[in-house]
Amino acid sequence: MQLYLPIADIPVNVFLILAMGAAVGFVSGMFGIGGGFLMTPLLIFIGIAPAVAVASVASHIAASSFSGALSYWRRRAIDPALALVLLSGGTIGTMLGVWTFTLLRSLGQLDLMIALSYVVLLTTVGGLMFWEGLRALLRVRRGVAVPLRRSGSHGWIHGLPLKMRFKRSKIYLSVIPVVVVGIIIGFIGAVMGVGGGFILVPIMIYLLRVPTATVIGTSMVLTLVTMLFATLLHAATNHLVDAVLALILMVGGVTGAQFGARAGQKIRGEHLRLLLGLLVLAVGIRFAIELVLRPDDLFTIRETGGAG
Amino acid sequence: MIRRALLTMVGAVLALGALLPPPPARAERLIVSVSNHRVTVTPNYSGEELVLFGSVEKDASTPATRNTYDLVVTVSGPRANMVTRRKERKFGIWINTDYRQFLEVPTYLALFANRPFDAIASPDVARRQQLGLNNVLLTQRVGPDYADVVPNDAFRRAFVRLRSEHGLYREDTSAVTFLTPTLFRTGIPLPGEVPIGTYGVEIKLFSDGALVTKTDTAFEIVKVGFEQFVATTARQNGLAYGLITACMALMTGWIASIVFRKD
């Protein structure tokens, strides 16, 4: 069934978009991430302008993270204080991101920047996750029990001032790194059209030492708010959010996420991290190959504002 | 003085012309119509084909010997500025480096004829009358200059090729069919991603390699109903539109968490 998208200005197959939403939703439910890093490239691949894809995916991620956040809230797996501090940084980051996005679009280098940041971020994060997952798996194989949280080893981050007690996570931490992380995630999210969950979760676990129980729920709250905010800003400044496209993605996404979450509970944590690492790495490498290989077509056309 | 002399000369030539056999440009009239003057883009729009039909009306002054006609139809969509960029290998990766700006070029361009352009008119006439994609004026900005370049310029060729791949630029020298020696028709295929706006259609009649007469008509492509509403709201009330989209996202997420709430 073909449907004409009012902002992207192209007809698409509804079932294809629904299926894409469901597939990405499944992955995002399984790993507790937004899935934007998969969705945006897929949309670009089926012919939607990168700018419209980035802007529309933001609202799709908002929907899936809201349904996720609600169920985590019911299970009391969200740390409201930590979420609030992260958010204060996230909002600033998002504003900076949308502003940069607009600037890059006018310079004609948006596509390159999106591709480059995908390569750098995804290969780094994916590689690290994969490596860490592999090591954890080997440790389990050998039967060496290493606690994830090395309570004795406090890094320089824990020496920073402005400390605050986050009750539900049971940690005592300076607000500075938390706000900075919020800014970075908000910025990346708005520029790349990703929720940032796949970066935020590892940062929170390894850098901020947030216990795994509250990590995913809290990161979902940050994703939810930054993506809602990004939707608003993209809609108000660039007029690029395609609500029809977003709605189809959301319906597919939230459905897929439910099944993904159930599948995720059946897989062991180490395997899950290994798989996620592989997935992130694969997407990053795909972008890298695209940049390095000689493209099929050296030329591209972009409309730069009509006058008639 | 010189100007006066020139004017007199022109007048004399015109007067002479009136005495000679009737000038070909006045002898025929073209009557054309498109099947639909208002194409509406609805949710299930995925392209459409319009039909242009018309006839050549001869009058008393038409030379009796003139029986065969050639017809060229040019359809051009709303104009826009576009940039064609070329990727080059820099630091091991392919990035956009050189670019050309195309100014006020048609977003949709279709040229239809009843036989190859080189059979219809001489290269000189073809260039003057902009027959064929190679002869259509596509203004580029090269530094401070505004000009069209030779048809085999790399950027121009790439531009035409890329637009053609999307069905937005096309050239078909067998699309126009003469049903009778004076009655003709041609299809105007519009792909799904056709730009919204007003489309001009120019019909040129040739005989023996020379332009006989021309006429034009137009049609428009508009979004209606929901599509129109969404597109205008997004442009005019960006913030409200964003708010609605955000609420929609929250609603969808909430409904999902209710629907799929197990145990």
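The values are calculated or read from the model by the stated rules, or taken from the named source; none is laboratory data. Small disclaimer: the values here were computed from a predicted structure and weren't measured. Glycine gets a Cβ as well: all are built from the backbone with ideal geometry, and neighbour counts include every protein chain shown.
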Determine if the stretch A:293-305 includes at least one residue that is among the basic types (Lys, Arg) and without any contact (Cβ under 8 Å) to a residue 60 or more places away in the chain. yes
Note: among B:187, B:200, just one is surrounded by fewer than 19 Cβ atoms within 10 Å (Cβ to Cβ), under 14 Å from the mean Cα position of the chain (by Cα), assigned to a strand (DSSP E or B) and more than 14 Å from every other protein chain (Cβ to nearest Cβ), namely B:187
Within the stretch B:147-183, restricting attention to residues that are of a type in the set (D, E, K, R), closer than 22 Å to residue B:78 by Cβ and within 14 Å of chain A (Cβ to nearest Cβ), which residue is surrounded by the fewest Cβ atoms within 10 Å (Cβ to Cβ)? B:165
Could you please give the count of residues in the stretch B:97-114 that are more than 14 Å from the chain's Cα centre (by Cα) and within 24 Å of residue A:111 (Cβ to Cβ)? 7
State which residue is nearest to the other protein chains (Cβ to nearest Cβ) when the search covers only the stretch A:239-270 and only residues that are surrounded by fewer than 18 Cβ atoms within 10 Å (Cβ to Cβ) and touching a helix residue (DSSP H, G or I) at 6+ places or on another chain (Cβ under 7 Å). A:259
On the given criteria, is residue A:24 among the aliphatic types (A, V, I, L, M), modelled with pLDDT of 85 or more and under 15 Å from the mean Cα position of the chain (by Cα)? yes
For the stretch B:221-242, name all the residues that are assigned to a helix (DSSP H, G or I) and either more than 7 Å from chain A (Cβ to nearest Cβ) or farther than 8 Å from residue A:235 by Cβ (or both). B:225, B:226, B:227, B:228, B:229, B:230, B:231, B:232, B:233, B:235, B:236, B:240
Anything in the stretch B:165-184 that is assigned to a strand (DSSP E or B) and either more than 16 Å from residue B:35 (Cβ to Cβ) or touching a helix residue (DSSP H, G or I) at 6+ places or on another chain (Cβ under 9 Å) (or both)? List them, or say none. B:169, B:170, B:171, B:172, B:178
Can you name the condition, by its number, that residue A:76 falls short on among (1) under 30 Å from residue B:257 (Cα atoms); (2) more than 17 Å from the chain's Cα centre (by Cα); (3) at pLDDT 85 or above? (3)
